[in-house]
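The values are calculated or read from the model by the stated rules, or taken from the named source; none is laboratory data. Everything numeric in this text was worked out from a predicted model, so none of it was measured. Heads up, the Cβs are rebuilt from the backbone with ideal geometry, glycines too, and the neighbour counts pull from every protein chain shown. Side chains are part of the model used for accessible areas, which takes the heavy atoms of the whole protein and leaves out ligands, DNA and RNA. Shrake-Rupley method; radii C 1.70, N 1.55, O 1.52, S 1.80 Å.
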Amino acid sequence: GVGPSDASPDEGVVEDLPLIDEKAVEQLAEGLISHYLPDLQRSKSALQELTQNQVVLLETLEQEISKFKECNSIVDINALFSEAKHYHNKLVNIRNEMMMLHEKTSKLKVSGIDI
């Protein structure tokens with residue numbers, strides 16, 4: 001049969017707990033916080049410093065990248081100047097050849113040879 005001993009095992013547990021001393025709970029919480037808080041604050045400041053260092057590092061990297069980009073554009077400009085010099089030399093040679101041909105044709109005309 002069903003009797004008082006067959007009641008739910010949780011029944012009556014609340015009455016068995018001693019009264020919770022709120023002051024003791026508050027003191028335990030304060031003790032726990034005071035134990036962990038200094039470490040947490042040190043960790044927080046270390047993380048902040050790390051974050052600031054990362055920002056500085058990122059800015060420095062961006063500056064270096066822009067320097068490399070400038071170097072590449074300078075290399076391109078140098079290549080352009082050397083190409084321009086090459087074509088300038090070609091033009092000078094063509095002009096010299098044209099002047100030489102002009103002189104030869106002038107001498108031939110002076111000699112009476114009709115061109």
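Quick look at the numbers
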item: Unique residue being surrounded by 10 or more Cβ atoms within 10 Å (Cβ to Cβ) and either at pLDDT 95 or above or in a loop (DSSP other than H, G, I, E, B) (or both) when the list is Val92, Val25, Val75; result: Val92
item: Residue that is modelled with the highest pLDDT, among those in region 2-16 that are aliphatic (A, V, I, L, M) and open to solvent by 100 Å² or more (accessible area, probe 1.4 Å); result: Val14
item: Conditions (1) exposed (fewer than 10 other Cβ atoms within 10 Å of the Cβ); (2) hydrophobic (A, V, I, L, M, F, W, C); (3) in a helix (DSSP H, G or I): number failed by Leu19; result: (3)
